[in-house]
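What follows is a set of notes on a single structure, which appears directly below.
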Amino acid sequence: MTRGMEPGQGAWFPRCQAQGLLRADSRPPRAPQELKLKDEECERLSKVREQLEQELEELTASLFEEAHKMVREANMKQAASEKQLKEARGKIDMLQAEVTALKTLVITSTPASPNRELHPQLLSPTKAGPRKGHFRHKSTSSTLCPAVCPAAGHILTQDKEGREVDTTLFAEFQAWRESPTLDKTSPFLDRVYREDVGPCLDFTTQELSALVRAAVEDNTLTIEPVASQTLPTVKVAAVEYGSTNTCALSGLARACRHRIRLGDSESHYYISPSSRARITAVCNFFTYIRYIQQGLVRQDAEPMFWEVTRLRKEMSLAKLGFFPQEA
């Protein structure tokens, strides 16, 4: 027995200590299982996070792609709209110019009585008098235009006002008027091309003549005055052919107060007054038949025919060198 202890006290302490150790050893090891569960939960959450991040990246990329696509489509639509607006403005300007020209044509000149002040070349020799810079040949009266001189075999009749009408020409015009077109295969336009348009636009420079004729037919030719201060040596952005002293169409030394531009080209060609008068005469004819084709001229066939005849006569007069002084 231990000294200083009561009887039985020393044996009891080891016994209690042994029982406590047994109770501690008998508890299950919970910490490793909890750690394992925690690790599994963390792994599962990591996978969920990675999946969400991947879906977020895909969604972001899809949104950016859709946004870029919408921007591209918007830019394309804007460019198309601007192009259509520009074309519409150009058409409006062209139509306004044509309407203004048509009003002037209707107000100042009619098929029955053309305005002779507006068209001095229609004045008789006794009233018009000699014109500076022009020489009238003795054979002018017999070589005017086929529009006023009937061809062999054609029959002439008189209309209500006593004017002589070539029945063949009138029949061709009536047939064309029933279905107006700019197709040169129709007998009416084929005759006009052969007898009037072709000779009137037949210049010395054949290649440029063909380009001018095509531009007139397509209604894309522009005639603009030359500024008085413009000199041949001035450098400009556009390409210019000829000079203010040489006509690009005839090649003759003439004072050129106008120049032409073909279509959208930036090239300009200086032309003399006689060349301008010939081009203008053909343009006037095409403008009028376009009005008929578009339904802007609402008249009977006979007044239309006389207006066409007058315009054909202008082409022949311009070809012979008779044109207004202000041209």
For region 180-198, pairs from a residue that is under 15 Å from R213 (Cα atoms) to a residue that is surrounded by 14 or more Cβ atoms within 10 Å (Cβ to Cβ) and among the polar types (S, T, N, Q), with Cβ under 8 Å and 6 or more apart or across chains, are L182/Q293; D196/S316
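Taking region 279-316 as the search range and keeping residues that are small (G, A, S) and in contact with a helix residue (DSSP H, G or I) (Cβ under 8 Å, 6 or more places away or on another chain), which one is modelled with the lowest pLDDT? Give the steps one after another, and end with the answer.
Just the residues of region 279-316 that are small (G, A, S), to begin with: 281, 295, 301, 316.
Still in the list and also in contact with a helix residue (DSSP H, G or I) (Cβ under 8 Å, 6 or more places away or on another chain): 281, 301, 316.
Values: A281: 92, A301: 82, S316: 87.
Checked region 279-316; the qualifying residue modelled with the lowest pLDDT is A301.
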By residue number, the members of region 212-227 that are closer than 21 Å to I289 by Cβ and among the aliphatic types (A, V, I, L, M) are V212, A214, A215, V216, L221, I223
Taking region 251-267 and keeping residues part of a strand (DSSP E or B) and exposed (fewer than 14 other Cβ atoms within 10 Å of the Cβ) leaves A253
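Filtering region 277-319 down to residues that are more than 17 Å from V192 (Cβ to Cβ) and part of a helix (DSSP H, G or I), which residue is least open to solvent (accessible area, probe 1.4 Å)?
Step one: of region 277-319, the residues more than 17 Å from V192 (Cβ to Cβ) are 277, 294-296, 298-300, 302-303.
Narrowing further to those that are part of a helix (DSSP H, G or I): 277, 302-303.
Values: A277: 13, E302: 63, P303: 43 Å².
Step by step, filter region 277-319, then rank; the result is A277.
The values are calculated or read from the model by the stated rules, or taken from the named source; none is laboratory data. Everything numeric here is computed off the predicted structure, so don't read it as measured data. Positions of Cβ are backbone-derived with ideal geometry, glycine not excepted, and every protein chain shown enters the neighbour counts. Areas reflect the complete protein model, heavy atoms only, side chains present, ligands, DNA and RNA absent. Shrake-Rupley method; radii C 1.70, N 1.55, O 1.52, S 1.80 Å.
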